[in-house]
Each structure stands twice: as C-alpha cells, then as structure tokens.
Amino acid sequence: MTKSEQNLWEAFAGESQANRKYLAFAQKADREGFPQVAKLFRAAAEAETVHAHAHLRALGAVKSTAENLQEAVAGESHEFKEMYPAMIVTAKAEDNKQAERTFTYANAVEKIHAELYQKALDTLESQTAVDYFVCMTCGYTCEKEAPEKCPVCGANHRAFKQVE
C-alpha cells in the first residue's frame, strides 16, 4: 500500500468519525434548545460525509453491489466473531458496565447485519421491496415491521425508526 493510500484510509476514518460525532453533537444541541447550533453540526457532518466518500472513491474502494455486499458480510462477521467478543471480555474485566452493554448490543446486531447482507447478496437478482426498521436504543435491524419488543435490548416498538 502506498503512503497516499494509507493517508486516504486514515482520512476516510477521521472524516467518518467526525460525521458521527457531529451528528451526536447535533442531537445534544437540539435537546439543549440550540437548534441553530444543531443545524451547523448537521451541515458539517454532511460535509464530512462528502469528504469520506471522495476518499473512498479515490481508493477505488466502492465496487459493484455484489462485491460491496461481500465486503459488508466479511466486515460484520469479523465484528461479531472477533472484535466485539474481545471488547466485551475487556469491559467485563474492567467492570465497565456501560461499555459492556454497548459492545454486547453491537455484537448481537452485527450478526444480524451480516445475515441481512448475505440474504441481499443471495437474492441480488430478484430483489423485492422490503422495509427496514432500526431500534434507536441498540441498533437492532429488522425487515418488514418493527417488533412489539426489541429482541436485543427489550425496548418497545416505539423505539424503532423506519429507514427511508
């Protein structure tokens, strides 16, 4: 890998993290009654997305849909098989209950994401319209309709957001 490629990957990671952080900052500003600041954070977050996507394109990292689905399955599988289990062990050893909870939720959901991506890959040529719903407490993702109770965190159906 060239130094420029390494720099592009590093820049992609930084821009992606800034996007997520600014969106969290925007939610907080909204809750605290600062809608203009929230709007600024959302605008900057959108700009960070533009940058991150440009870096990915420069890397040639966005491929065909089938290749992208394969990469997504591999990434999600790595997360629920290796990454999060190790993080859960560390959080337990450090008695960090909040970290343990967020890692445990993410671990359960990443497995579901891998399954959903694999299903999409397996049916790529015969796609049908399906609605997706995400639990805003833990990230649990499901098809068709929100369950009455989230199977991962126990939140009720009102915690689900339909993805457009």
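Values quoted throughout were computed directly from the atomic coordinates according to the rules given, and no laboratory measurement underlies them. These figures come from a predicted structure and were not determined experimentally. As a convention, Cβ positions derive from the backbone with ideal geometry for all residues, glycine included, and neighbour counts pool all protein chains shown.
The table below gives the values:
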read-out: Point-charge dipole on Cβ atoms (K/R +1, D/E -1) for the chain, about Cα centre, debye to 20; value: 520
read-out: Within region 127-164, trypsin sites (Lys or Arg not before Pro) in DSSP loop having at most 16 other beta-carbon neighbours inside 10 Å; value: K144
read-out: At R0 = 22 Å, FRET efficiency that the Cβ-Cβ distance of V163 and L124 yields, to 0.05; value: 0.70
read-out: Computed [θ] at 222 nm, deg cm²/dmol, the chain (DSSP H ≥ 4; -39,500 (n - 2.57); rounded to nearest 500); value: -22000 deg cm²/dmol
read-out: Region 6-77: GluC sites (Glu not before Pro) in DSSP loop, at most 12 other beta carbons within 10 Å; value: E32
read-out: Relative contact order (%) - region 65-163, alpha-carbon pairs under 8 angstrom, separation at least six; value: 25
read-out: Sum of side-chain charges, I112 neighbourhood, beta-carbon under 12 Å (Lys, Arg +1; Asp, Glu -1); value: -3
read-out: Scattering profile of region 82-164 at q = 0.15, 0.20 Å⁻¹ [log10 I(q)/I(0), Debye over alpha-carbon scatterers]; value: -0.62, -0.92
read-out: Expected-Rg normalisation [2.2 N^0.38 Å, Cα atoms] applied to the chain; value: 1.17
read-out: Virtual spin-label span in nm between D131 and K149, 7 Å along Cα→Cβ; value: 2.3
read-out: Choice from G60, G154, G33 with maximal GNM fluctuation in the chain (Cα, 10 Å cutoff); value: G33
read-out: Value of D in µm² per second that Stokes-Einstein yields for region 3-59, Kirkwood Rh from Cα pairs, at 10 °C (1.306 mPa s); value: 136
read-out: Two-site FRET efficiency, Q6 against T90, from Cβ-Cβ distance with R₀ of 35 Å, rounded to 0.05; value: 0.80
read-out: Cross-link pairs beyond the 23 Å C-alpha cut-off, checked among K21/K161; K21/K119; K111/K161; K81/K119; K111/K144; value: K21/K119
